[in-house]
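What follows is calculated from the coordinates using simple rules that are stated; it is not laboratory data. Everything numeric here is computed off the predicted structure, so don't read it as measured data. Cβ placement follows ideal geometry from the backbone for every residue including glycine, while neighbour counts extend to all protein chains displayed.
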Amino acid sequence: MPVLRSQIAIDSFKRVNPKLSSGIDRSASMLAERDEGVDAAPVDAELLRVLIIDDSEDDAFLVLRELRRGGFQIASERVVDAATLRAALAHKSWHIIICDYALPRLNALAALRLVQHLALDVPFLVVSGRVGEDAAAEVMRAGAQDFLLKDELSRLTPAVHRELRETRMRRQSRAASQQARDANAQVHALSTRMLEIQEAERRLIATELHDDIGQALTALKFHIDAARRKLGTPNLPAMLDEAARIAEQTLTKLRDISLALRPAQLDDLGLVATLRWHADRQATATGTDIKFFADAGLGRLDSGLETACFRVAQEALTNIAKHAKANQVSIELIVEGDALLLAIRDDGVGFDTEAALRLAASGASLGLVSMRERATLAGGELSIESASGHGTHIQARFPLRPLI
Ligand SMILES: Nc1ncnc2c1ncn2[C@@H]1O[C@H](COP(=O)(O)OP(=O)(O)OP(=O)(O)O)[C@@H](O)[C@H]1O
Ligand SMILES: [Mg+2]
C-alpha cells in the first residue's frame with residue numbers, strides 16, 4: 001500500500017539493518033546489555049516473552065526499554081518478514097506481539113492475519129510511526145488490540161498490562177466453559193449409561209419372570225387342572241406333590257430375584273447382618289475365602305447410610321468376583337470417631353485405578369463411579385488403592401449421624 005507507506009515516519013526505514021533480513025534476531029541479551037541504565041522492577045516472576053516485528057533494531061530497542069521501564073523482565077525476539085515470523089510463532093509461545101506498521105517485506109495487516117490464521121490467542125499491538133487515521137482504524141478493525149504511535153510510547157506499558165489481563169481473563173473463561181462442557185458430557189455419559197443399565201436390568205427381570213416364574217406357574221396350573229380332572233383317582237397324590245414342588249421352586253426363584261433387587265434384610269435387620277449374609281452368599285457362589293469383621297457395638301444406622309454402604313460393598317464384591325481372581329477377601333466395618341469405615345481388600349490381580357476411573361468417567365463402566373457417587377451423596381468419601389499384581393483396597397468413609 002504505497003499511500004500508507006509514504007505516511008510512515010521515514011526514520012523507521014532509514015535504520016534498516018540488512019543483516020536482520022537473514023532471520024530471527026535473538027537479541028534479548030544484547031538489548032539487555034544496552035539497557036543497563038534502566039532500573040527494571042519486575043512485576044511478575046515470569047519473563048514477558050515479547051515478539052517484535054520490526055526491521056529497525058533501534059525502534060525495537062526503544063520499545064523494549066519502555067517495557068523494562070514499566071517493570072517487565074523481558075525475553076524477546078525480533079523478526080522482519082513472514083518466514084521468520086512463522087518460525088518464531090512455531091517454536092515458542094508469546095505473551096505479546098508488537099508490530100511495526102510497515103516493514104519492507106511485511107506489513108501489520110499481513111502479520112496479524114498470519115497470527116489469526118494460526119488461531120493464536122496472543123495480543124497484537126501495532127506500534128508505528130505516524131500513519132493516517134484510516135490505516136490505524138483498518139488495523140484495529142482487522143483485530144489488532146491496540147495501535148500506538150512510536151512517539152507516545154508511554155502508553156505501551158499500560159496497554160501491555162491491560163492486554164495481558166484480558167488474555168488471562170479470556171483464557172480463564174475459556175477454561176471454565178471447557179470444564180462446564182466436560183462436566184456436562186460426563187453427566188450425559190453417566191445418565192445414558194444409567195438408563196442403559198436400568199434397561200438391561202428390566203430386560204433381565206422380564207426374562208427371568210417370563211422364563212422361570214411364568215413357565216413354573218404354567219406347569220403348576222397344568223398339574224392342578226389335571227389333578228382336578230382326576231379327583232378320586234390314584235394319581236392324585238403324585239400330581240399334587242409335583243404341584244407343591246413347582247410352587248416351592250417358584251417361591252425360591254422369586255426370593256432370589258427380589259433379594260438381588262434389594263435384600264429385605266437391609267430394612268429388617270440392618271447393615272451388619274445384610275453384609276454378613278451377602279459375603280457368605282458370595283463366598284459360596286465364587287469359592288473365595290471372604291472374611292467379615294464388624295465392630296461389636298455397631299447397631300442400626302441411618303437407613304440412607306446403610307443403603308449407601310451396602311451398595312458400595314456389593315459393587316466392590318461384584319468387581320472382585322468379576323475381575324480380581326482373588327483367593328482372599330476381607331470386609332471390615334468399623335467405627336472411627338464420628339465416621340463409619342468400610343474397608344474391602346482383595347489379594348487379586350489389581351488394576352490401574354487412574355486409567356479405570358478415567359474410562360469410567362467417560363461412561364465406559366458404572367461401578368467405580370457409582371461407588372464414589374454413593375459415598376459422596378452420603379457425605380463421605382471413597383478411596384481406591386490398587387496396583388497390578390498387588391490386589392485392591394477400597395475404603396469408604398461415611399460420617400455417622402445419630403438416628404432421628
Ligand atoms: N477388585 C478389582 N480387581 C481388579 N480389577 C478391578 C477391581 N475392581 C475394578 N477393577 C477394574 O476396574 C474396571 C472398572 O470397574 P467398574 O466397576 O467401574 O466397571 P465394570 O465392573 O467393568 O462394569 P460395571 O459398570 O458393570 O460395574 C473394571 O473393568 C476392572 O478392570
Ligand atoms: Mg463393576
For each of I197, I394, I384, I53, count neighbouring Cβ atoms within 10 Å of the residue's Cβ, then give the residues from fewest to most. I197, I384, I394, I53
Which distance in Å, rounded to a whole number, links the C-alpha centroids of segment 367-400 and segment 183-203? 20 Å
Rounded to the nearest 500, what is the chain's calculated 222 nm mean residue ellipticity when only DSSP H runs of at least 4 contribute -39500 (n - 2.57) each, over all residues? -17000 deg cm²/dmol
Kirkwood Rh and Cα Rg combined as Rg over Rh, evaluated for segment 251-334: 0.96
Using a Förster distance of 22 Å, how high is the FRET efficiency between S191 and S383, based on the Cβ-Cβ distance and rounded to 0.05? 0.30
For segment 264-399, just say rounded, prolate or oblate: build the C-alpha gyration tensor, square-root its eigenvalues into a ≥ b ≥ c, call rounded for a/c under 1.5, and beyond that prolate if a/b exceeds b/c, oblate if not. oblate
Any idea how far apart L231 and R401 come out in nm if each label point goes 7 Å out from Cα toward Cβ? 6.0 nm
When you have a sec, figure out the Kirkwood radius of segment 136-271 from all distinct Cα pair distances and drop it here in Å to one decimal? 22.9 Å
10 Å Cβ shell holding at most 14 others, DSSP loop, trypsin sites (Lys or Arg not before Pro): longest site-free stretch of the chain: 131-229
Gained length - Q198 relative to R130, 0.36 nm times residue gap less alpha-carbon distance: 17.4 nm
For segment 34-175, count all C-alpha to C-alpha pairs, find those more than 20 Å apart, and express that count as a whole percent of the total. 43 percent
Beta bridges by DSSP in the chain, antiparallel share as percent, to the nearest 5: 50 percent
Measuring from the longest principal axis of the C-alpha atoms of the chain, the long axis of helix 108-117 (C-alpha) lies at a number of degrees, nearest 10, equal to 10 degrees
Pairwise centroid distance, computed over Cα atoms, of segment 58-84 with segment 296-365, Å: 59 Å
In vacuo Debye scattering of segment 203-259, one point per C-alpha: log10 I(q)/I(0) at q = 0.13, 0.19, 0.30 Å⁻¹? -0.37, -0.65, -1.12
Stretched fully, the stretch from A180 through A82 gains (0.36 nm per residue minus C-alpha distance, one decimal, in nm) 31.5 nm
With the crude spin-label approximation of a point 7 Å out along Cα→Cβ, what separation in nm comes out for S173 versus L357? 3.2 nm
When N counts the residues of the chain, how does its alpha-carbon radius of gyration compare numerically with 2.2 N^0.38 Å, as a ratio? 1.75
